[in-house]
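The values are calculated or read from the model by the stated rules, or taken from the named source; none is laboratory data. Treat the numbers as computed from the prediction; the structure is a model and nothing was measured. Cβ atoms come from the backbone with ideal geometry, glycine included; neighbour counts cover every protein chain shown. Side chains included, ligands, DNA and RNA excluded: accessible areas come from the protein's heavy atoms. Shrake-Rupley method; radii C 1.70, N 1.55, O 1.52, S 1.80 Å.
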Amino acid sequence: MKTVIATSLAAVLAVGVALPAHAQISERTITVSNGIAEDHPVGDGVEVMRQCMTDATDGAWELNAFWSSALGDDLQATQALRSGTQEMVVTSTSPITGIEPALGVFDLPFLFANAEEADAVLDGEFGQYISDMMPDSQLVNLAWWENGFRNLTNSVRPVETLADFEGLRVRVMQNNIFLDTFQTLGANATPMAFGEVFTALETRAIDAQENPFVTIDTSQFFEVQDYLSVTNHAYTPFMVLFSKPIFDTYSEEEQQILIDCAVEGRDVQRQASRELSEQSLQRVIDAGMAVNELSEEAMAEIREATAAVYDRHAEEIGEETVERMLATLEDIRN
Ligand code: TK8
């Protein structure tokens, strides 16, 4: 009798293994949006995701990408994910701290010293700790991509010292910590969605904005800004967020494909971001922007002036989150 059962079990297993490789894969059309232009390095990452999905599903999935805030700004698109009306968004963390306050930890001025630290934090235990918070907001973070180190542009004067920030009308992301940081520097800070920034600069409704070189380049800010000051005052991550209401309708195999393809896209996107960064700096110089570095003394004064931002926002972010971040950085640096 035992032999018969064993034989039958082996037969069932054999049949199970012989099922089509994609028995748990349905035909799907996935929409992804973000606020920057397609030629930004996010475009490289999305293209890798698209090919990865095609390969993993034998063409059963189609990835449709929308650029330059065509489906709304970061916050609007993220809300669409939460309601299950859109699948995916590549968004900065800063505009969505109203949804998950812990994301504000990444807005603390001068937090990361370099991209290697950022990668180690985001791809390690701390990044997972933050990603694990997102399902409570009906969101799944598939991977951490790179927006990058932020630098100041303006149409009034070179910013070479702390005093040069005084009175500059600077657009900041809709985020209390950025607002506080630039007000502390003496600027007149205005929160604004990214999609409105170019026109606001063009009409001189504002004097300044701050973003990585690749964004200043691919969003053509060099057309409406004269000065670029290399402040590297914050590093913003991108999150590749997926709608949890939709994610939960996917099979485990499909969910794993989403994660694997977002991680594959991450590595290419970060590399493209870092390779394009120097090219973008040269392009904005060639376009006529006056670029200045700040002296060590000036940067020390600016860091000192903004240090108090950490304490003022630790409670709002979450004391544990801030402490874990600082402990993680200390481990990485020692
Ligand atoms: C693009 C934004 C943008 C961000 C900003 O969707 O708002 O300045 O840096 O890149 O997320």
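Inclusion of ALA305 among residues that are modelled with pLDDT of 95 or more and more than 22 Å from the chain's Cα centre (by Cα) is warranted. Considering only the range 106-115, I want to know if a residue exists there that is among the polar types (S, T, N, Q) and either part of a helix (DSSP H, G or I) or within 10 Å of the ligand (Cβ to nearest atom) (or both). No, the range 106-115 contains no residue that is among the polar types (S, T, N, Q) and either part of a helix (DSSP H, G or I) or within 10 Å of the ligand (Cβ to nearest atom) (or both). Taking the conditions (1) more than 16 Å from the ligand (Cβ to nearest atom); (2) closer than 18 Å to VAL322 by Cα; (3) free of Cβ contacts under 8 Å to residues at least 40 places away in the same chain in turn, THR54 satisfies each one other than (2).
Just to confirm my filter: which strands (runs of 3 or more DSSP E) fall fully inside the range 170-261 and include at least 1 residues that are more than 16 Å from the ligand (Cβ to nearest atom)?
Here the list reads 188-191, 227-230, 235-243.
Condition check ((1) in a strand (DSSP E or B); (2) in contact with a Cys (Cβ under 6 Å, 6 or more places away or on another chain); (3) open to solvent by 60 Å² or more (accessible area, probe 1.4 Å); (4) modelled with pLDDT of 95 or more) across all residues:
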| site | (1), (2), (3), (4) |
| --- | --- |
| VAL46 | no, no, no, yes |
| THR54 | no, no, no, yes |
| ASP58 | no, no, yes, yes |
| GLY72 | no, no, no, yes |
| ALA77 | no, no, no, yes |
| GLY84 | no, no, no, yes |
| THR91 | yes, no, no, yes |
| PRO95 | no, no, no, yes |
| GLY98 | no, no, yes, yes |
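Filtering the range 20-36 to residues that are loosely packed, with under 15 Cβ neighbours inside 10 Å and modelled with pLDDT of 95 or more leaves SER26, GLU27, THR29.
Of the residues making up the range 60-70, those that are part of a loop (DSSP other than H, G, I, E, B), within 12 Å of the ligand (Cβ to nearest atom) and free of Cβ contacts under 8 Å to residues at least 40 places away in the same chain are TRP67, ALA70. For ASP39, the conditions (1) in a helix (DSSP H, G or I); (2) in contact (Cβ under 8 Å) with a residue 24 or more places away in the chain; (3) surrounded by fewer than 16 Cβ atoms within 10 Å (Cβ to Cβ); (4) charged (D, E, K, R) all hold with the exception of (1).
Does the range 279-292 include one or more residues that are open to solvent by 60 Å² or more (accessible area, probe 1.4 Å), assigned to a helix (DSSP H, G or I), among the hydrophobic types (A, V, I, L, M, F, W, C) and at negative phi? Checked the range 279-292: at least one residue is open to solvent by 60 Å² or more (accessible area, probe 1.4 Å), assigned to a helix (DSSP H, G or I), among the hydrophobic types (A, V, I, L, M, F, W, C) and at negative phi. Confirm whether GLU100 is over 30 Å from LEU63 (Cα atoms) and away from the ligand (no atom under 13 Å from the Cβ). In short, no.
Filter the range 150-204 down to the residues that are aliphatic (A, V, I, L, M) and open to solvent by 50 Å² or more (accessible area, probe 1.4 Å), then identify the one that is nearest to ASP73 (Cα to Cα).
The qualifying residue nearest to ASP73 (Cα to Cα) is VAL156.
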